[in-house]
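Take a look at the structure set out below.
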Amino acid sequence: MKRKLFSLMVAASVFLMACNSTVNKENYTKINTGMTISEVEAILGEGESQASSGVDMSELGLGTITSEVMVWQEGMSVISITFSNDKVMAKAQSGL
């Protein structure tokens, strides 16, 4: 009996954690091109920076162009967003 109760509690905990996940299809669809990092983090929470770069284009009158790829992952669900000058340029997902 204790083993069944324990198994039920573990299953319920996993289910509840999945329900509270911010890395889901609904939130992914809320992310739009042009949103700022702050706007995205208000939806998904804090992400993890995977790569960043900057290119000085001042000779062409463009200033510095920055790029950063951030990832949000919970289990097998992954959202990856590329920011250019701190705004969403592209997004991708896996396992949602």
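Summary of values
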| read-out | value |
| --- | --- |
| Restricting region 60-76 to residues that are touching a Gly at 6+ places or on another chain (Cβ under 8 Å) and assigned to a loop (DSSP other than H, G, I, E, B), the residue that is surrounded by the fewest Cβ atoms within 10 Å (Cβ to Cβ) | Met76 |
| Number of positions in region 17-36 that are surrounded by 10 or more Cβ atoms within 10 Å (Cβ to Cβ), part of a helix (DSSP H, G or I) and modelled with pLDDT under 95 | 2 |
| Members of region 52-73 found to be of a type in the set (Ser, Thr, Tyr) and at pLDDT below 85, listed by number | Ser58 |
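The values are calculated or read from the model by the stated rules, or taken from the named source; none is laboratory data. Everything quoted here is computed from the prediction, not taken from an experiment. Cβ atoms come from the backbone with ideal geometry, glycine included; neighbour counts cover every protein chain shown.
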